[in-house]
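Engineer: Just dropping this structure here.
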Amino acid sequence: MNLAILIPLLPFLGFLINGLGFRRIPKAAVGLIGTGAVLGSFAIVLSLFSGFTGTAQVVPVYDWFTVGDFNVSFGFQIDQLSLLMMLIITGIGSLIHLYSIGYMHHDEGFGKFFAFLNLFVFFMLLLVMGSNYLVMFIGWEGVGLCSYLLIGFWNKNPEYGYAARKAFVMNRIGDLGFLIGIFLIVARFGSLEFASVFPAAAQLQTGDAGLFWITFCLFIGAMGKSAQIPLYTWLPDAMAGPTPVSALIHAATMVTAGIYMIVRSNVLYTLAPETLHIIGWVALATALLAASIGLFQNDIKKVLAYSTVSQLGYMFMGLGMGAYTSGFFHVMTHAFFKALLFLGAGSVIHAMSDEQDIRYMGGLRKKLPITFTTFLLGTIAISGIPPFAGFFSKDEILAHVYEHSPLMWGLAVFGSMMTAFYMFRLLFLTFFGEFRGTHEQEHHLHESPLTMTLPLMVLAVLSVIGGFFNVPEILGGTAKLEQFLDPIYQYARQANPEAFAGVHLDHSTEFMLMGVSVAGAVISIIAAWVIYISRKSVPAPDEQVSGLQQVIYRKYYIDELYDAVFVKPIQALSRFFYSVVDKGGIDRFGVEGVGRFVKGLANEFRLLQTGATGFYVLMMVTGIAVILVYSLRSLIFG
Amino acid sequence: MLTLALILIPLVAAGVLLALRGGAVKRVALIASLVEFGLATYLFTAFRPDTSSQFALSFDWIKSAGIQFAIGVDGISILLLLLSTLLVPLIILSTFHHSYKNPSSFYALILAMQAALVGVFVAKDAFLFYFFFEAALIPIYFIAALWGGENRIAVTFKFFIYTIFGSLFMLLALVYLYLQTPGTHSSLISAFYELNLSAAQQSWLFWALFIAFAIKMPVFPFHTWQPDTYVESPTPATMLLAGIMLKMGTYGLIRLLLPVVPEGVHQWGTVVIILSVIGIVYGSIIAIQQQDMKRLVAYSSFAHVGLMSAGIFSLTLDGLQGSLIQMLAHGINVVGLFFIVEIIFSRTQSRDLRQLGGITQHSPVLSVFFIILVLGSVALPLTNGFIGEFLLLKGVFTYNAWIGVVAGTTIILGAVYTLRMVQKSMFGLQTATTEQFTDVNTNEILVLIPLAILVFWIGLFPNVFLKLTEPAVADLLRSLK
């Protein structure tokens, strides 16, 4: 048996053990099994990674189903891209499992939580390991299920349940797009295997109409899973789930599945420049919209959630420019610092007795020194300050954007300034100034246990050094990631070599671009410092927010808009169909019409008006018998 | 002989039951249905997946008229045999905690119903098919009318009249087809395949046959008997209706309609696909606001059947294979869901989502099974529903991309109404109605475990079933070309 099969199997076994045995297995064992399963997978991934020769390998498991010539096999593809994703999923996954041992310790659903978390890792691994689009789709829908289960984890709260359903349904809208993309791929290429589709696609022309629809439909899927306009509103609501879930699923891994899918399909997208164009603009709009909402949010997790939506926008922006590696690089660094920030927020919430509103925090750096230090590092990393991880990955994207369109670049830099502002606003309000919560909360303040702070420290280190995986040549690096990932663009390069020519900017322009974005970030940080440290401003209570700020604070009323345009009309339609069309229309004139017709006949024979059902039945059966016999008799004797 | 035994075992057992009294009735009924299932399983293992009719048996019924008692099993029949023999023991077991008045009649009628259903799926003679098709109605009518809810009389009467009304068209069509056969006439279904019917003949024959099957399934707009009947019938009857009986309609389409009037299908297929797809969207949208869980599942079943029908009329291998595996999957899921509703009702005396909530706090085991069945129903990959829906949608999409997209909304709407049902019953705060809820007992677990295993087994290894039916389906499609 190939070792690769064990990678998803271990978390699945963990799910089965904790899932079937929950409430009977002691907590210590639950945590050990859950974390150990993912850690075991991580170890196997590491060994595969270190022994990787550079050639993609397909590991068939079994034939899933066959209809006519259409055969779908269940198999895994081990190559550069899937290995990196597996490293992120199992590596960060292990840290977050470890963290959860401390974070969820007092929760009665401890076993259930670990079971779901393991199940998530299983499906996420299928998503990135699948050797064809349908195995990817299994993972795709499976992680959606786990996301649903974990958002609604505290199921007594109906609002959480609503958030969970919203996430599932919005994802399903995207999934329909994905499914249609799959049908189009089968119709065009006769297979869903990457190894058959991509070489065949490389023979096609740039601008092929069929490829436009395939890539566009797949992108609809990506919009749902990776929270892009217009399918993003589920992600901020998904914060209803326990914080480790937000870190793992709604920041580091699942939400980047859309980027993975497009990088995986790079040959298709390279040949569909119109789709890339659409992706670029959707991504930019998402990045800006979400960042602006983030400016005024007061819930520590909501700020991070909008930040995630916005950062996903940056990743897609990279893809839209055809700079797949840049987009993917940002997936990696973002996984480090956003997981860190969420776990840090969790540590804060844990210390604050479940308080999430930053207006009631303040001054926590003294009581939570490790959380503070690591959170600070994460904040610097996301703000794009060199030499932290976010700087390298974001700057690479921005350079590609500049080459494509200076206007888009300007807007994107504006977005990254907003990022630096809302992140430092969050940091200052949480950790600096005076404590603004209740005495009771103040009394309880404590640094989290080692199971929680250890993951913070590891992720903090990664957030600091993560950028060095792909230092560009201009800064004296060797672009390691770029080189490592190079083979996965083999077919795209064959089909359209120009698309992979790299950035053509001269060095002075590149330095200028970096300078501008770093300066922008620094200005934002100073502004945040002045407002929240020097002037000690605290965001106003909800009812005092007004004007434009109110519109943004209320998230531009997009949720209300969707409710009015989609939800309410469908509910009204449902009632209309049921009471008017079904009961009032079809049933009365159609079915009961038949009934009246029969009763009318019965009226002719008043004898039949007995009302005894048995008698009616008898008559019907007799009737059938008479007709049958009559027709047969005429056949026999006629 | 084995095929005949499949019809006779439940029939004889039904006779025996009438003579029994007391607690033995249930057990004998269960044993009989298990023997039946065992026999069907043997047939399943002994079946060679090719185009032939196996385990066949025929003797003259009305010799001078060429009417035969001809039965046999081909790839399409075997799947439905498995479904009907598998579900009946589970349905019987699901009643073990419930005492129905006059149990010997109750269980005798269930087994008689099974005999008729098996008869439909193995009949090779058109009149024999018709006979069983109608015979199945009588026991289910009595079960619903005698053991049903408050409005049972009016509702079951409507159901009875309406379905009989539809079947009369089929009888008319069958007699006409019979008269077209050469020589001394033959009523073998295969003889009908050989007829050279004009386009005009096929056109009206198409509708005569279609209406009969469309009412049974049901297809929009012939469906309005269905939600009321499902709600008013006692749950075992609802399970029989939704799990097995509606497949008589889809089976009839494949066995009779497509091969006998292929030109009629080409002429009217688009209309039927559009009606079916309207049914998917319409049924799903209605389900979104239902408060009665049973009615909600009824409308969801109606929506699912619409997709099966559309897939059949796409005349693609994907569509037909998808519809067959979906018949199996839907039978399992819908029986499971109705059973969950019954479990909730038996403890709370309510199926109203406004009165329910928080059940999972008392019954984690029940909620796990509920969610597994829901996953099958919303077609999550690796569950049984996915294979069917994927192939059906692929077939419909191949037929026409835009119709395929509209049909595809089922995956979104299905999630909306089923998850709402889970939320309002299982999650949230407890209500006065659900405070005293007790988790599932052993009998209930014994029903739910096989269903849950099947949800995943079919989802993981669909080839076991697809390979069984493919030769017969491919042969059918070749004959249509």
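The values are calculated or read from the model by the stated rules, or taken from the named source; none is laboratory data. If you're wondering where the values come from, they're calculated on a predicted model, not measured in any experiment. All Cβ positions, even for glycine, are placed from backbone atoms using ideal geometry, and neighbour counts span all protein chains on display.
Engineer: Only one of these conditions is not met by B:Ala115: (1) at pLDDT below 95; (2) in contact with a Pro (Cβ under 7 Å, 6 or more places away or on another chain). Which number is it?
Structural biologist: Against the list (1) at pLDDT below 95; (2) in contact with a Pro (Cβ under 7 Å, 6 or more places away or on another chain), B:Ala115 comes up short only on (1).
Engineer: Which of the residues that make up region B:400-438 are hydroxyl-bearing (Ser, Thr, Tyr) and over 24 Å from the mean Cα position of the chain (by Cα)?
Structural biologist: Scanning region B:400-438 gives B:Ser425, B:Thr431, B:Thr433, B:Thr434, B:Thr438.
Engineer: Sticking with this structure for a sec: Against the condition among the hydrophobic types (A, V, I, L, M, F, W, C), within 30 Å of B:Gly395 (Cβ to Cβ) and more than 14 Å from chain B (Cβ to nearest Cβ), how does A:Val58 come out, does it pass?
Structural biologist: Criteria met by A:Val58.
Engineer: Output the number of residues of region B:219-236 satisfying the condition of being in a helix (DSSP H, G or I) and under 16 Å from the mean Cα position of the chain (by Cα).
Structural biologist: 7
Engineer: Continuing with the same structure: Starting from residues that are hydrophobic (A, V, I, L, M, F, W, C) and closer than 30 Å to A:Glu108 by Cβ, keep the ones in region A:132-156 and report whichever is farthest from the other protein chains (Cβ to nearest Cβ).
Structural biologist: So the residue we want is A:Leu150.
Engineer: When you look at B:Gln361, is it among the polar types (S, T, N, Q), closer than 30 Å to A:Gln571 by Cβ, at the interface with chain A (Cβ under 10 Å from one of its Cβ atoms) and in contact (Cβ under 8 Å) with a residue 24 or more places away in the chain, yes or no?
Structural biologist: So B:Gln361 fits the description; yes.
Engineer: Please go through region A:539-549 and pick out each residue that is in contact with a Phe, Trp or Tyr (Cβ under 9 Å, 6 or more places away or on another chain) and either part of a helix (DSSP H, G or I) or exposed (fewer than 14 other Cβ atoms within 10 Å of the Cβ) (or both).
Structural biologist: Once the filter is applied, which keeps residues that are in contact with a Phe, Trp or Tyr (Cβ under 9 Å, 6 or more places away or on another chain) and either part of a helix (DSSP H, G or I) or exposed (fewer than 14 other Cβ atoms within 10 Å of the Cβ) (or both), region A:539-549 yields A:Asp542, A:Gln549.
Engineer: Also: Can you tell me which of (1) in a helix (DSSP H, G or I); (2) within 14 Å of another protein chain (Cβ to nearest Cβ) is the one B:Leu382 doesn't meet?
Structural biologist: (1)
Engineer: For region A:523-538, which positions are hydroxyl-bearing (Ser, Thr, Tyr) and part of a helix (DSSP H, G or I)?
Structural biologist: A:Ser524, A:Tyr532, A:Ser534, listed by residue number.
Engineer: Considering only region A:553-585, how many residues are among the charged types (D, E, K, R), more than 10 Å from chain B (Cβ to nearest Cβ) and in a helix (DSSP H, G or I)?
Structural biologist: Step one: of region A:553-585, the residues among the charged types (D, E, K, R) are A:554-555, A:559-560, A:563, A:568, A:575, A:582-583.
Filter once more, so that each one left must be more than 10 Å from chain B (Cβ to nearest Cβ): A:554-555, A:559-560, A:563, A:568.
So of that shortlist, the ones also in a helix (DSSP H, G or I) come out as A:555, A:559-560, A:563, A:568.
Qualifying residue count, region A:553-585: 5.
Engineer: Would you point out the residue of region B:65-89, among those that are within 14 Å of chain A (Cβ to nearest Cβ) and assigned to a strand (DSSP E or B), that is nearest to B:Leu468 (Cα to Cα)? Quick ask: steps written out before the conclusion?
Structural biologist: At the first step, the residues of region B:65-89 found to be within 14 Å of chain A (Cβ to nearest Cβ) are B:65-68, B:75.
Right, trim to assigned to a strand (DSSP E or B) and you get B:67-68.
Values: B:Ile67: 29, B:Gln68: 27 Å.
Top of the filtered list is B:Gln68.
Engineer: Take A:Leu150 and decide whether it is in contact (Cβ under 8 Å) with a residue 24 or more places away in the chain and under 30 Å from B:Thr398 (Cα atoms).
Structural biologist: Here the answer is no, as A:Leu150 does not meet what is asked.
Engineer: Separate question: Across region A:493-535, what is the number of residues that are touching a Ser or Thr at 6+ places or on another chain (Cβ under 8 Å) and either outside the structural domain of A:Thr379 (by TED's automatic domain parsing) or more than 21 Å from A:Asn470 (Cα to Cα) (or both)?
Structural biologist: Within region A:493-535, residues that are touching a Ser or Thr at 6+ places or on another chain (Cβ under 8 Å) and either outside the structural domain of A:Thr379 (by TED's automatic domain parsing) or more than 21 Å from A:Asn470 (Cα to Cα) (or both) number 7.
Engineer: Let me ask something else. Suppose we filter region B:187-196 for residues that are under 17 Å from B:Ala65 (Cα atoms) and either more than 12 Å from every other protein chain (Cβ to nearest Cβ) or surrounded by fewer than 19 Cβ atoms within 10 Å (Cβ to Cβ) (or both); how many remain?
Structural biologist: 5
Engineer: Sticking with this one: In region B:453-470, what residues are buried (at least 17 other Cβ atoms within 10 Å of the Cβ) and in a helix (DSSP H, G or I)?
Structural biologist: Listed by number, the residues that qualify are B:Leu454, B:Val455, B:Ile458, B:Gly459, B:Leu460, B:Asn463, B:Phe465, B:Leu466, B:Leu468, B:Thr469, B:Glu470.
Engineer: Looking only at residues that are within 23 Å of A:Leu454 (Cβ to Cβ) and β-branched (Val, Ile, Thr) in region A:61-116, which one is nearest to the other protein chains (Cβ to nearest Cβ)?
Structural biologist: Among residues in region A:61-116 that are within 23 Å of A:Leu454 (Cβ to Cβ) and β-branched (Val, Ile, Thr), the one nearest to the other protein chains (Cβ to nearest Cβ) is A:Ile89.
Engineer: Out of region B:259-281, which residues are surrounded by fewer than 24 Cβ atoms within 10 Å (Cβ to Cβ) and not aliphatic (A, V, I, L, M)?
Structural biologist: Matches in region B:259-281: B:Pro259, B:Pro262, B:Glu263, B:His266, B:Gln267, B:Trp268, B:Gly269, B:Thr270.
Engineer: Right, another one. Among B:Gly428, B:Gly408, which is out of contact with any Ser or Thr (no Cβ under 7 Å at 6 or more places or on another chain), free of Cβ contacts under 8 Å to residues at least 24 places away in the same chain and at the interface with another protein chain (Cβ under 8 Å from one of its Cβ atoms)?
Structural biologist: Among B:Gly428, B:Gly408, only B:Gly408 is out of contact with any Ser or Thr (no Cβ under 7 Å at 6 or more places or on another chain), free of Cβ contacts under 8 Å to residues at least 24 places away in the same chain and at the interface with another protein chain (Cβ under 8 Å from one of its Cβ atoms).
Engineer: Additional query: Can you say whether A:Leu368 is surrounded by fewer than 24 Cβ atoms within 10 Å (Cβ to Cβ) and either under 25 Å from the mean Cα position of the chain (by Cα) or assigned by TED's automatic domain parsing to the domain that holds A:Thr333 (or both), as far as the supplied structure shows?
Structural biologist: no
A quick yes/no check of all residues on (1) free of Cβ contacts under 8 Å to residues at least 12 places away in the same chain; (2) over 20 Å from the mean Cα position of the chain (by Cα):
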{"position": "B:Ala136", "(1), (2)": "no, no"}
{"position": "B:Ile143", "(1), (2)": "no, no"}
{"position": "B:Glu150", "(1), (2)": "no, yes"}
{"position": "B:Ile153", "(1), (2)": "yes, yes"}
{"position": "B:Phe157", "(1), (2)": "no, yes"}
{"position": "B:Thr163", "(1), (2)": "no, no"}
{"position": "B:Gly166", "(1), (2)": "no, no"}
{"position": "B:Ala173", "(1), (2)": "no, yes"}
{"position": "B:Thr181", "(1), (2)": "no, yes"}
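Engineer: Tally up the residues in region B:202-225 that are more than 10 Å from chain A (Cβ to nearest Cβ) and crowded, with 23+ Cβ neighbours inside 10 Å, please.
Structural biologist: Within region B:202-225, residues that are more than 10 Å from chain A (Cβ to nearest Cβ) and crowded, with 23+ Cβ neighbours inside 10 Å number 11.
Engineer: Next up: From A:Ala187, A:Ala202, A:Ala163, grab the single residue that is of a type in the set (A, V, I, L, M, F, W, C) and closer than 22 Å to B:Lys424 by Cα.
Structural biologist: So the residue among A:Ala187, A:Ala202, A:Ala163 that is of a type in the set (A, V, I, L, M, F, W, C) and closer than 22 Å to B:Lys424 by Cα is A:Ala163.
Engineer: Using the structure shown, decide if B:Phe127 is among the hydrophobic types (A, V, I, L, M, F, W, C), at the interface with chain A (Cβ under 9 Å from one of its Cβ atoms) and crowded, with 22+ Cβ neighbours inside 10 Å.
Structural biologist: So B:Phe127 passes the test.
Engineer: Going through region B:167-180 one residue at a time, which ones are among the small types (Gly, Ala, Ser) and crowded, with 24+ Cβ neighbours inside 10 Å?
Structural biologist: Selection gives B:Ala173 alone.
Engineer: With the condition kept exactly as written, say whether any residue in region A:154-170 is in contact with a Cys (Cβ under 7 Å, 6 or more places away or on another chain), free of Cβ contacts under 8 Å to residues at least 60 places away in the same chain, surrounded by fewer than 24 Cβ atoms within 10 Å (Cβ to Cβ) and of a type outside the set (A, V, I, L, M, F, W, C).
Structural biologist: no
Engineer: Spot the failing condition for B:Leu446; the list is (1) within 10 Å of chain A (Cβ to nearest Cβ); (2) farther than 15 Å from B:Asn333 by Cα; (3) of a type in the set (A, V, I, L, M, F, W, C); (4) part of a helix (DSSP H, G or I), and only one is missed.
Structural biologist: Unmet condition: (1).
Engineer: Would you check which residues across region A:58-70 are in contact (Cβ under 8 Å) with a residue 12 or more places away in the chain and surrounded by fewer than 22 Cβ atoms within 10 Å (Cβ to Cβ) and list them?
Structural biologist: A:Val58, A:Val59, A:Pro60, A:Val61, A:Tyr62, A:Asp69, A:Phe70
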